[in-house]
Every structure is written in structure tokens, then in C-alpha cells.
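K.L.:
One structure coming up, written as C-alpha cells, with questions to follow.
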Amino acid sequence: MSELDRRDFLKLVGVGAGAAATACAEPVEKLVPYVEQPESVTPGIAVWYASTCTECPAACGLHVRTREGRPVKLEGNPDHPINQGKLCARGQAGLGRTYLPDRYPQPMLRGAGGELEATTWADATAQLQAGLQGGSGSTVVLGGRVGPSLDGVIDAFAAATGAQRVVYEPFAYEALRSGTQAVFGVASLPIFDPGKADLIVDLGSDFLSSGLSPTENARQYADARNVKTHKSGGTRMISFGPRLNLTTSSADQWLPSRAGSESAIAFAIAQAVVEAKGSPAGADAAGIQAFVAGGNLAKAASEAGLETSELTAVVEAVLHAKNPLILPPGIASTGSNATSTAAAVMLSNALLGAVGTSVSIPPAEASAPVGLAEIKALVADMNAGKVKALLVHDSNPVYSLPAELGFVEALGKVATVVSFASSKDETAELASLVLPDHTPMESWGDRAPRPGVRSIVQPTVRPLLDTQATGDTLLEAGRALGGVMPEGSFRSVVENNWSDVDWRGALALGGVFTDAAIAPVAIQGDFSGLGMKSSSIGGNGEYTLVAFPHHFLGDGRGAALPWLQEIPEPTTKLQWNSWVEMSFATAEKFGVGFGDVVSVTTPAGRIEGSVFPRGGIRDDTIAVPIGQGHSVGFYASMEGEGEHGGWSAGPEAAAGEPGKPRGANVMAVLPAAEDESGGRVWLSTRADVAKTGRFRRLALSQWTDNQRERKLAQVASLAQVAGHGGDDHHGGHHDEPPHTFTAAYDADPDQPYRWGMVIDNDRCNGCSACVASCSIENNVPVVGEAQAIQRRDMAWIRIEKYIGDGNQKGGSARRPVPDSEKLGELDVRYIPMPCQQCGAAPCEAVCPTLATYHNKEGLNGMIYNRCAGTRYCANNCVYKVRRFNYFDYGNENFPGLLGLMLNPDVTVRQQGVMEKCSFCVQRIEGARQLAKDEDRNIRDGEVQTACQQACPTNAITFGNLRDDGSKVVAEADEPERSYHLLQELNTRSAITYLAQVTRDENEGNH
Amino acid sequence: MAPPATAVADALASPARPRDSRANIDIMAPTKGVQWPYFLALGAAVLGVLQALVVLLYQTYVGLGVAGYQQPVFWGLYIVTFVFWIGIGHAGTLISAILFLFRAKWRNAVNRGAEALTVFAVITAALFPILHLGRIWKLYYLIPYPNQRSLWVNFKSPLLWDVFAISTYASISVVFFYIGLIPDIAIARDRATGVKKAIYTVLALGWQGTGPQWKAHSRSVLHLSGLATPLVLSVHSVVSWDFAMSIVPGWHATIFAPYFVAGAVFGGFAMVINIMIPVRRIFRLERYLTDYHFENMSRFILLTSTICGYAYAAEYFIAWYSGVEFEQSSFWLRAFGPYWLSTWCMITFNVIFPQLLWIKRLRTNLPFLFGLCFFINLGMWFERYVIIITSLSREYITGSWGLYVISPVELSVLAGSFCWFSMWFLLFLKVFPVIAITEVKELEIHARDHGGAH
């Protein structure tokens, strides 16, 4: 906060409030002091704006909560058809971009000394024009996908300056686009609705984590498996893949196929489908036959390392299902023949009737990202000196392109490299000119992710720093070069683009959402150059290297956001760094274990990482997450904190090491391989593993996945859910009556409320959106890697992951060993763990100062001011949900502008006090004010806790247990599934868990 | 157990009148003069205290994170050491009060040292619950005092009981120690000159050794013994309830109070022996601290060690017999989990080694006793470490299982606590007689008049 004194702060607040008040009208270009208070802004009352999330191409709708002119929380827009009020962890954390210490405060120009130096916009603009005008060669605009309005401006700029535009996204799904084009003649990304299928065959799509629209798909999938409405258990999923990823963990069957065998499996299924269903009328039957001719179940099974009978059973199930859906391989399993694979999958989907029900094919995108082939051409041009100016926006190619492509060297041959990055990244740090864009929270823009959905990005805060919208920069530059550019500012460009609709209505709603039907497509079948080929994974190494998108970091853009670094990655529960996943057998072979550093060598390079041995990966495969290894960024690199300095280091560990990467960038060591259509290949190489002899502990938030038959995460079979088969304690479901107490009574009898919660473990897929939401709502500090290694994370809610019922073995090692996963076996149980708000809370009795107490409405209150820090409550908490402020996290761990992001409704905790989940008591109190004004009780559903609000699958229900008509009481009324955690201890927990349902293959609709 | 004739053999050659006794000279000798080894030791102790003070200031300033806490282990070495020192403080009161009431005359030679040890151990122990607080500056929140905000403390919390138990014990110990010292301070006063004399004069409270004074004195000691006796049992019982009243597997056991008291007496005696052996040797007090005393203390150690052994066994038995998996796992992992070494150290040092004391020759072999007691102290420290750390690291939610690793900061404070204790004890040695002169004289007279055993 040292950069921002009180006066500046007040100015910002005033300006922000002014902007907020007038965000729907012309921006007011003057300061509005609070003595003239904006009519719509009341200090203490939040103002909400609708906007659109720009963290991934799914384009979920946002509701931005602003307080006194500052955005403090992102929630899903309930009116938005894609996310329907929900938001994933990445979207939640995107709020932080506005406040990151990484932001460029003003334009930067590379000075004589070779360093980026601050400059003015006038100077920077002049430099840009000079760079665009002088010299010979072309201008290239390189960047990620943006909305239609900015697309228009960039295209106009390109036309005005004769520049070439290259749209580049690391995760561009080129193969799926090309494959769809091959089958249907439309180069677009299909829209999947897993909820409309009754059987999903997942060929490594990981659609719940890194898919095309994870939040939407998670909801659809969970709804389709709701055992209340689907007595048969609903949609089933069979998942293929070499490692247990997030999606696989929610499947019903896992076939651990060898990495690279997706193609063979896809073709084997396609061949069987074509055989069974025939070719549709009007399609080139012979062409289709020839295309799938390579498909063979036995060969596929041997390539995948599976039994032929297993594959046959899958094919049988697909052919017998009413609405089967095959999901094409995702990023991690994009092999050298990915386009053929995608085409085979889409062909099968079309023949199986999925296209039109669970799959729709939208029209081709206006500016689709290019494949690696075009990038190679660009690099060649750059090397040949044909490019005089490279303008990079919304993209970080230096980080995300394969190192062997030589992009960095080629960059040196370009006279003017301009970056529009609002925050430091590897590319911007190599640019000659940085013209920082506003962050999404400060920007105008729009998104059109699919037909019928037009979504607005609107600013919710006045730009905090001296930045300028890239749209405006380009408009200005285009005009200066004599081009024909749209009139007015970029804001008016956006507004003009929306002139066909009610602009103010669209701003209020967040966009225009219609039920525009997507025109049906027919099989065209142009399969030239495509067909079944065995995956050609290069390199001579012993292990197939699977580079998979980190659940939170995506293509690496999430690494700058501290929450995404610190929230445990759901499938491994690892925080902060990169790791090398390998099976226990492989680890044993190298004589390494948890935390031992190994090197991974591919033909394109070498990285190092600590070993994370797990049961859920094939012996012939190693896996490294994509997204780490940044050398720039306060949180993304080691700039914010040094290498773990030992126990005594304490806060000194935070003495950063700028330029030192955090973890390893696996993308850099992947060969620059292309598939048939020139798309980038991610599953491209084998790797050699070697022990280095060093040890670097990984921050692991959960040291064992063995619940020792303690029935923490319980399961119930479909028969049990249906109310029979009660004697069959399949999976260790509770054998005690679930309701030996009524939590509703654990409050003052005169009070109308006893707050409680129901968590449906069957709906939880582990995505951890709740954790992000909770952390941001409740000002939960991020502690950093060194502290996370000491397990001092402050999360108020965590998702525990257990495998099966567990056994009495284990727990005796000093190194953590989550070792219950077994290849091909699926019994992953996620259990979200907030404070249980016990009716007879063990924490309350032992606090000597009554800092934690039972309030009249049954909540375990926590009075931070009264806490002396004896920590007895945390010892006595059986659920281990209490967190202690070992250092002054509240002051020190929100550096720079991040302090502005704090929720003013929640106290920032001091060094030495205990804290924990409060059931979002500030939200309860907010609702109470309203109810009091209207002289009524708080209505059911009026209070949503942050975790509940964010949960994409609606696994969490919160409400008043005293109100018999409330949803939370209705949800809990499932005697066959409901249980209280550790009920035998009589803590009288206010949270009712609903056991996960095991969907036996022999039950239900198969 | 009256002392055998040999126990005070030298004393039998005592003169007719108490004031002719050599005890005054012998026992007061250490307080005289300046010996450089003494100041070297004192200087080292003071330095040790200072380094711990600096480290504690650092810890208070930056936060408790510099200690080794890792979730889910929220209590660490500070609480371990707190219980250790509180336990040490038990021997003094036991020797002074209970053995006094039981008229165990042999206690007279060791009670002064033991009482001093108690006082210093308690003031050492009392530091730890304070310096382990997250916000030391809010210490007064733990004390019930009238205030405008009408804030009160939680009388249900065992930590609050601790506050009362320790403060009561500390005050009784100090008073007991001081009352017992008065006649000896008077002796010191009579032998001192200058400023020292003035100070001793004030401290002696006008003691003249008159009949009524002696009567009042012995009455006071008797009554204080009566008051202190239940405290021996209550203090460590209350400390044990810090654990037993919780719901943590491995802590939540009814055996804790007697188990802790026995352990405390055990550890306390070991510490008394560990200190008195060098004191006796350095200050040539062999005439007063005889083998007989050490043998008796060894017997006590043997008894309490066996009680501890029983308690260990009972804990494991009950964990198994309860059928509760949480308890069973907790104890299984104590013995075979990540902290197995601590557990086996504890069992070996506390139960197996002391069994050698069945051999009479070893009970009077001082080098052996010294070594044994050193290990017992170590073992008793490990006992608390095992109880606190292993239990916390393996609780109900397996996903929250973790470890605790001691940090250098904590080690420095641990070392500082020994220095702090030593500093007080060394100062005590220089200022007051380490053996109760008057009580020894009483013994001498007793021996002279009755010829040893009755």
C-alpha cells in the first residue's frame, strides 16, 4: 500500500464511485468527491454490474460486486445461459488481475540501457507510430481471441496499416475444429451438452476441468446424474486416459488406456458405429467406410493396453445407449493424428444421433485461432527480417510456444515489438514498447461465444493506473496512419456494435440472450488426408510425457493469480509448484519418492521437477502440469518469495528472487509438432527420466487419501438410495440411524433461525470453485509456497479427496503418501469441508477467553478481537477447519493494490488470531438488514453462502433449519444418503452430507 | 523410615549444643567468596537467557510462524516444555509437604534444594503458556478481572483452570520456600556484614530463634504442608486436563490425572538427583547429603517409574479395549508411526532403565544415578512430546494428518529455559544455604538424643 497514500485512495474511491454511478452512461471525465455523493452509491451498500468473464473462451456471465467503486467479488450471472449464475475458480480469481502487483503502472519504453522505462502515453504513442511507419517489412498483430468489437478494431487497424493478423491461443483446439470441418464442412468447435446424453465415452477430454465450457458442462453433467430425479442414477460415463484426471474421477468406469491410443479407440468405436448404423442418406458412404476402415477393436485394445473385451463392452454400451455421446480428446491427449481422431469422434456422434441432441455444431467462428503451422511461418518471416513490427495482445507467446520454435530469437530480429499486456509477462518483458491495456474489470468489450449468446464486458472501476484500452490505442494509431477507423472511442465502437439492441437493457442483463436455434448440420464427409494412424509419439525416452493443463492455471495465464496457485489442484491436492507425476512402480524403479527432484528430458529440452508418485497413472507414462515455470510475475515466478528457506526463515522467505521461475514450463520442452491439419500437438514425445539426487518438497495440502474406514466420505449404492438393499453396506455406508439429533434445536429457542447446510457429495466433482469464492469473499490470505509447504494455508473450506473406504494401513511415514489410487479403479470421493457449525462444538468449550462462542442462531462465532491465540480450539476441532494467522498475513499478504480488493464487510485478521468459516455471516447480516427494513423474516434462499453461490453443480444448499419449508430441510430429507460427519462424537454438526452414489454397471438403464 | 545410624554418622559426632554444629560453616560455605567457575556458569546461563529473550522478541514481532507449527499440530515444543517444567516442580512440594506430614526425616537434607527447584521450575514453566500465545500482548484476556466491557473468561476451559492452578501453586511454593528459609536467613544474617547483612536482616523478618517464634514457624510449616499437599495432586491433574478434557484421540483419557502426577513426581525426583549430585560434590556437602538420601529418592523413582509404566500400558490397553478406531490408530501410530523414536525413547528411559534400581548397589552409585536421572529427564520430556505431538498429528480427519518439525527458534527458547532455570538456581546457591541448616541440626540433635534408630 506504500504506493497509494490516503489522498490517492480517496480520489480513486471517488472516481471509481463516479464511474460506477455512471457506468451505463457517458463516462464522466472529472473527479466526483464524496461530498457530492453519487445518487446510486451508498457507502456500505454493494452495487452490482453485469459483465463477462474473459479468463477462458467459454465466456461465462458475471455479476461484479462493487463496494464504494471497487470490484470486490465476482459471481456468475444467473441470467446468463452458459453458466447460469455459477463461476469456476479461474473466473473468480480473475478479479485479482486488476489489483496484481504485476501491473504496468504506465506505458513502458525500452531505454538505452536495455531496460523498460516508464514513459508517457504521448511519447509511447509516438513511438508506436514511428515503429509502424518507418522501415521495411510488414506489421503483424499477434494475439488471443477477443470479442467481436475488438476484433473489428484490430481488423480495421490491420487493413489501415496493411498489417497481418494472427490469432494465437495455446489451447486452440485446432484438431477438433478441423475434424468438425472434415465431418460437417463447418470449421467450428462443437458445443457439448453432456446432460443430454445417457452414456458418455470420454476419450481424455477432461471436460470438467479444462474443456470448452467446464462450468456449464459440470452443471449439465451433475443435473443429468441427480439421483432425486433419475432413479436409475442418470447419465453414465466411461473415461479413457493414462492418468486419473478430474473428469475421470467423476466417471463410472475408468479404462486406463495408454497415452496416444485415443486415436485407435476412436476409430475402433467409429468403425463399429458405422457398421451398425450405416451411412446416412446423401453422405459419401464409401468415403466414410474408407475413413473408418482402420478401426479395429483388437488392435485398439492392444495399442491401449486394455483387454479387447473391455473395448467391446464399451462399443456394446455405446450402441445400446439411447443417447450416447463421445467426447473427443482434450488438450493433454491431442496427438499427432488428432484431427483424424476428432473427425472419427464427431462422425460417430453424428451417426449415433448425438449431433442435434447433446452436440451442436455452431457456424464457423469469425476469427479462429491459427495452428502451429502458421506460427512457424510467422517465426520464419520474423527470422528473415520480413517483420518490422510485432504487436502482441492478450497472449504470451514467449512463454507458451515450444522453445525449439525459436520465437524468442526471432523476436530479436523484429525492430519494434509492442505488447499490450496490462500485467508483466514474458513477452512484454522482451518488448520494446509496452502499451498497457486496461484489465477486464476496467474494460469495455463483448463476447459472442455461440449463437444466441452476446455478452457484454463492461468496466466496473475507473482504471486504477495510467493504462489505455488497446482498442483506443489501435484506433488512434490507425487514424494517425491515415487508415479508415471506426468513429469515436473504443467504448463507442462497442456501443455502436450493439446498436441493434436495447443497449441499456443489455448492460443491465449482461448481454442479449436468445434461444437462437443452431442450424442442424449434415455429414459432408471430406476426409482427405485423414484416417486411422497409430499415434506417432516421438523421442526415444522410456516414458510417454503427458503435459496436461493444470486445473487452475490453464495455459499458464492463471499462474499470476495467487489464489489459483494456492488452492490445491483437485486431483493431486498439490499447491504452487510443478511436479512430475509417475506411478509408484516407476518411482521405485528410479529410487525416488515424494519430492525427489528428477529431470525429464525430451528431444526438445530438459526440465526438472519434484516427483509426485500416485497410483492413478500408468507405469509407462509420466505427467507434468502445464502452466508453471514463469520467469516473470510476483506470484507466477519466485519474485514474491524466495526458495523455501527452512523453518527459521519465516517472513524472510518472502524476500523474492525475481526472474527465477516457479516450477518448470513443460510447454517449452515439447517438440513443435503438428498434426494433419497443422494444429499443435501436445501429446508428442517420450521422455527420459533421471534422478538428480536433490529433494524439493512439494506443497501438498492432503497427505493421505486413505480414510481408514472412518466413513468420512460415504457412498450409497443405487439400491440403497432407492430404499432397499439396506443390509448391503456396499462402500461402507452408515449403519447408524442418520438422525439421532435435530440440528435445528441447537440455537436459542426464541430465534427463528438455525443456519445449516446440505452438501451433496454426489454432485461435487472436486472443482474447487467454492474454495476460490470463499477465499475472495472472506479476505482469506494467500500464504505462499514456503508457508504452504508447512501446511499453513488459510482456506476456510477445503475439498478432501479420498479413494474408497480406505484401510488401516498407512499413516506411519514421515513423507506424505496419498497412495490409495489404483490404476483402472474408480472410487474417488470428494468431500467439501467447511466449518460444521456444530451444535455442541468442541472448539467453544475450550477457549479460555470465549473468543469463539455459540450465537443465538446456532453459529460458532469467532471474535477475532477477543482471541489471544492459545489455539486450543484448533486442536479440539475434530474437523480441522480452524486456521491460525502465524504471521501478519492480513497486512503483508495483500501487497500493492491487492488491499483494495478486500471485502469491506469482512474483518481482515491480525497476526496471532484464529479464524474459520463463518457461514458467510456477513451475508446473513446483510439479508437481515433488508428483512428488518421490511419487517419480515429472512426468506429462504435470500442468503447464499459464497461457496454455495459459486458451486457449478449446486452441490451446496444453505438455509434455515427451523423453516420446515426451506430448501435445505428438503434437501437433507434423504434418509438413505444423509449423514453427519463423525456423528458418533456428538458434535451435532449443522452440515448434512449426502453420500456419493455408486452407479453399478448392472443397475439402472444399462 | 527413620534414618539408620549410618545416615548421619558424621552428625553423631556433633557437639552438645546446636550452635556448636559445623553445619553453619559447612552449609553456608558456598555462599562465601568469589569462585570464577561459578561466575562462568552464571554468565553462561545469563547469556542463554538473553539469546532466548532476543529470539522471543523476534517471534513476538514477526509472528508465531517462526516456530515449527504445521497444521494440524497447533501446539508444539512450548507446551511440551511447559508440561515438562511443571512436572519438575513437583518433587519440591512432595518432599517438603507430603514427606513432612509423613515425618520422613530423611527429607531434611534435600528439601531446601527441592523447594528451590520447585519455585524455579514453576517460574520457568509459567513462561511457556504465555510465550506460546499468538498475541502475547493480550495475555490479560485470560485473567478474570472486572472491566467496563463486561468481558469475562470461560470457566469451562481447562486453560483457565491452568491459570489458577499454576498461580496458586506458584504462590504456595514461594511462601513455603520462604517460610522454611527464615531461620537460615537469620543464620546468614548473623554471619554477614555490610549491605548483605542489611538485606538478610530485612528478609529474616526479625527472627531470633525464640521459643514462640519456633512454635509459630513449625505451625506455619505444618499448615502450609497441609495446604500444599493437595496441590501436588491438583496442579498436575489440572495440567493433564488441558489434554484429557479435549476430544483429541490420545488425550481424552480418564487416567491422565494420576498418570501425570506420577510422571511429575518421577521427573521431579530425577531432577532433584541430577542437581543435588553435582551440588553435593562441588560444595563438599557429603556429610549432609548422604547415600541414604539418594537411595531413598531412588526408591521413589523406582516406584513412580513403575506407575508410569503401568499408565503407559493402561493407555494402550484402553485404546485397544475401547474398540474405537480413532484411539487405536492414534496409539498404534505412536509406537510405529512417524514419531516411533520418541515413543520408544520415552518407554526405554522412563520404564526400562529405572528398573535397574531394583539393584541396591546401583541405588547408591551416584555416577550411575546421575546418568540414569539424566535419561529419565530426557524420557519425561519425550513423554510430553509424544502425548502432545503424536496425538495432534493423527486426529479424526485423515486428510488433515500432518507432522510437526521443531524449529530453531523453539530450540533456542528450550535452551533458554534451561538457562533461565539454572540462572535462578545458581543465584540461589550463592545467596541461601542449599540445605536447611536448622533442620539438619534438628536431625543431629535427634540422632544424638536417640542414637539413631528408635
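The values are calculated or read from the model by the stated rules, or taken from the named source; none is laboratory data. Bear in mind that the values here come from a model prediction, so they are computed numbers and not experimental data. All Cβ positions, even for glycine, are placed from backbone atoms using ideal geometry, and neighbour counts span all protein chains on display.
K.L.:
Which one of these does A:Gly385 not meet: (1) buried (at least 24 other Cβ atoms within 10 Å of the Cβ); (2) in a loop (DSSP other than H, G, I, E, B); (3) more than 28 Å from the chain's Cα centre (by Cα)?
P.N.:
A:Gly385 satisfies every listed condition except (1).
K.L.:
OK, next. Output the helices (runs of 4 or more DSSP H) that fall wholly within the range B:23-106 and possess 3 or more residues being surrounded by fewer than 22 Cβ atoms within 10 Å (Cβ to Cβ) and at pLDDT 95 or above, or say none.
P.N.:
Counting at least 3 such residues, we get B:36-62.
K.L.:
Scan the range A:781-807 for residues that are surrounded by fewer than 22 Cβ atoms within 10 Å (Cβ to Cβ) and facing chain B (nearest Cβ under 7 Å) and jot them down.
P.N.:
A:Arg792, the sole residue that qualifies.
K.L.:
Output the number of residues of the range A:753-797 satisfying the condition of being of a type in the set (A, V, I, L, M), closer than 30 Å to A:Leu826 by Cβ and not in a helix (DSSP H, G or I).
P.N.:
Of the residues in the range A:753-797, 5 are of a type in the set (A, V, I, L, M), closer than 30 Å to A:Leu826 by Cβ and not in a helix (DSSP H, G or I).
Okay, residues lined up against (1) closer than 27 Å to A:Ile191 by Cβ; (2) not polar (S, T, N, Q):
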residue: A:Gly406; (1), (2): no, yes
residue: A:Phe420; (1), (2): no, yes
residue: A:Ser432; (1), (2): no, no
residue: A:Gly452; (1), (2): yes, yes
residue: A:Val457; (1), (2): yes, yes
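K.L.:
Among the residues in the range A:792-804, are any out of contact with any strand residue (DSSP E or B) (no Cβ under 8 Å at 6 or more places or on another chain) and in contact (Cβ under 8 Å) with a residue 60 or more places away in the chain?
P.N.:
No, the range A:792-804 contains no residue that is out of contact with any strand residue (DSSP E or B) (no Cβ under 8 Å at 6 or more places or on another chain) and in contact (Cβ under 8 Å) with a residue 60 or more places away in the chain.
K.L.:
Going residue by residue through the range A:552-559, is there one that turns out to be assigned to a strand (DSSP E or B) and either within 27 Å of A:Thr248 (Cα to Cα) or in contact with a Cys (Cβ under 9 Å, 6 or more places away or on another chain) (or both)?
P.N.:
Within the range A:552-559, one or more residues are assigned to a strand (DSSP E or B) and either within 27 Å of A:Thr248 (Cα to Cα) or in contact with a Cys (Cβ under 9 Å, 6 or more places away or on another chain) (or both).
K.L.:
To continue, here is another question. B:Ile130 passes all but one of (1) part of a helix (DSSP H, G or I); (2) crowded, with 21+ Cβ neighbours inside 10 Å; (3) within 11 Å of chain A (Cβ to nearest Cβ); which number fails?
P.N.:
All conditions are met except number (2).
K.L.:
With A:Val414, A:Val370, A:Val392 as the choices, which residue is farther than 27 Å from A:Pro625 by Cα and either at pLDDT 95 or above or not in a helix (DSSP H, G or I) (or both)?
P.N.:
None of the other options fit; the residue is A:Val414.
K.L.:
Considering A:Ala972, A:Ala950, A:Ala955, A:Ala995, which residue is among the small types (Gly, Ala, Ser), in contact with a His (Cβ under 7 Å, 6 or more places away or on another chain) and crowded, with 20+ Cβ neighbours inside 10 Å?
P.N.:
From the options A:Ala972, A:Ala950, A:Ala955, A:Ala995, the qualifying one is A:Ala995.
K.L.:
Name the residue that is nearest to A:Asn876 (Cα to Cα), counting only residues in the range B:140-157 that are within 29 Å of the chain's Cα centre (by Cα) and more than 7 Å from chain A (Cβ to nearest Cβ).
P.N.:
Among those residues, the one meeting the criterion is B:Phe155.
K.L.:
Then there's this: Does the range A:221-230 include one or more residues that are closer than 19 Å to A:Glu307 by Cβ and in a helix (DSSP H, G or I)?
P.N.:
No, there is no match, as no residue in the range A:221-230 is closer than 19 Å to A:Glu307 by Cβ and in a helix (DSSP H, G or I).
K.L.:
Tell me which residues, restricted to the range A:853-889, are facing another protein chain (nearest Cβ under 7 Å), of a type in the set (Ser, Thr, Tyr) and touching a strand residue (DSSP E or B) at 6+ places or on another chain (Cβ under 8 Å).
P.N.:
A:Tyr879
K.L.:
Does A:Asp827 qualify as being farther than 20 Å from B:Lys156 by Cβ, under 27 Å from the mean Cα position of the chain (by Cα) and surrounded by fewer than 20 Cβ atoms within 10 Å (Cβ to Cβ)?
P.N.:
yes
K.L.:
Looking only at residues in the range B:394-415 that are surrounded by fewer than 24 Cβ atoms within 10 Å (Cβ to Cβ) and more than 7 Å from every other protein chain (Cβ to nearest Cβ), which one is modelled with the lowest pLDDT?
P.N.:
B:Ile406
K.L.:
Here's another thing I want to ask about it. Which condition number does A:Phe291 fail, the rest of (1) touching a residue at least 60 places away in the same chain (Cβ under 8 Å); (2) surrounded by fewer than 16 Cβ atoms within 10 Å (Cβ to Cβ); (3) assigned to a helix (DSSP H, G or I) being met?
P.N.:
Only one criterion is unmet by A:Phe291, namely (2).
K.L.:
Name, by its number, the condition in (1) under 34 Å from the mean Cα position of the chain (by Cα); (2) at the interface with chain B (Cβ under 8 Å from one of its Cβ atoms); (3) on the phi < 0 side of the Ramachandran plot that does not hold for A:Glu892.
P.N.:
With respect to (1) under 34 Å from the mean Cα position of the chain (by Cα); (2) at the interface with chain B (Cβ under 8 Å from one of its Cβ atoms); (3) on the phi < 0 side of the Ramachandran plot, A:Glu892 is out only on (2).
For (1) under 28 Å from the mean Cα position of the chain (by Cα); (2) buried (at least 22 other Cβ atoms within 10 Å of the Cβ), each residue gets a yes or a no:
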{"residue": "A:Ala403", "(1), (2)": "yes, no"}
{"residue": "A:Lys413", "(1), (2)": "no, no"}
{"residue": "A:Ser419", "(1), (2)": "yes, yes"}
{"residue": "A:Ser422", "(1), (2)": "yes, yes"}
{"residue": "A:Ala431", "(1), (2)": "no, yes"}
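K.L.:
Which residue is farthest from A:Ser773 (Cα to Cα), if the candidates are limited to the range A:88-133 and must be part of a helix (DSSP H, G or I) and among the basic types (Lys, Arg)?
P.N.:
Here the answer is A:Arg97.
K.L.:
State yes or no: is A:Glu566 farther than 18 Å from A:Ala623 by Cα and out of contact with any strand residue (DSSP E or B) (no Cβ under 8 Å at 6 or more places or on another chain)?
P.N.:
No, not satisfied.
K.L.:
Sticking with this structure for a sec: So A:Cys843 fits all but one of (1) hydrophobic (A, V, I, L, M, F, W, C); (2) assigned to a loop (DSSP other than H, G, I, E, B); (3) more than 8 Å from chain B (Cβ to nearest Cβ); what number is the exception?
P.N.:
Of everything listed in (1) hydrophobic (A, V, I, L, M, F, W, C); (2) assigned to a loop (DSSP other than H, G, I, E, B); (3) more than 8 Å from chain B (Cβ to nearest Cβ), A:Cys843 misses just condition (2).
K.L.:
Separate question: Output yes when any residue across the range A:117-130 is in contact (Cβ under 8 Å) with a residue 24 or more places away in the chain and in contact with a Lys or Arg (Cβ under 9 Å, 6 or more places away or on another chain), and no when none is.
P.N.:
Scanning the range A:117-130, I find no residue that is in contact (Cβ under 8 Å) with a residue 24 or more places away in the chain and in contact with a Lys or Arg (Cβ under 9 Å, 6 or more places away or on another chain), so the answer is no.
K.L.:
Sticking with this one: For the range A:69-87, enumerate the residues that are in a loop (DSSP other than H, G, I, E, B) and more than 22 Å from the chain's Cα centre (by Cα).
P.N.:
A:Gly69
K.L.:
Report whether or not B:Leu341 is touching a residue at least 40 places away in the same chain (Cβ under 8 Å) and either over 19 Å from B:Phe82 (Cβ atoms) or surrounded by fewer than 23 Cβ atoms within 10 Å (Cβ to Cβ) (or both).
P.N.:
Criteria not met by B:Leu341.
K.L.:
Return the only residue of A:Thr66, A:Thr54 being modelled with pLDDT of 60 or more, of a type in the set (Ser, Thr, Tyr) and part of a loop (DSSP other than H, G, I, E, B).
P.N.:
A:Thr54
K.L.:
Is it the case that the range B:185-202 has a residue that's part of a helix (DSSP H, G or I), away from chain A (no Cβ under 14 Å), touching a residue at least 40 places away in the same chain (Cβ under 8 Å) and surrounded by fewer than 17 Cβ atoms within 10 Å (Cβ to Cβ)?
P.N.:
Yes.
K.L.:
Collect the residues in the range A:548-568 that are hydrophobic (A, V, I, L, M, F, W, C) and out of contact with any Ser or Thr (no Cβ under 9 Å at 6 or more places or on another chain), keeping them in residue-number order.
P.N.:
A:Leu553, A:Leu561, A:Leu564
K.L.:
Taking only the range A:812-840 into account, find how many residues are over 20 Å from A:Ala699 (Cβ atoms) and either assigned to a loop (DSSP other than H, G, I, E, B) or in contact with a His (Cβ under 7 Å, 6 or more places away or on another chain) (or both).
P.N.:
Matching residues across the range A:812-840 total 15.
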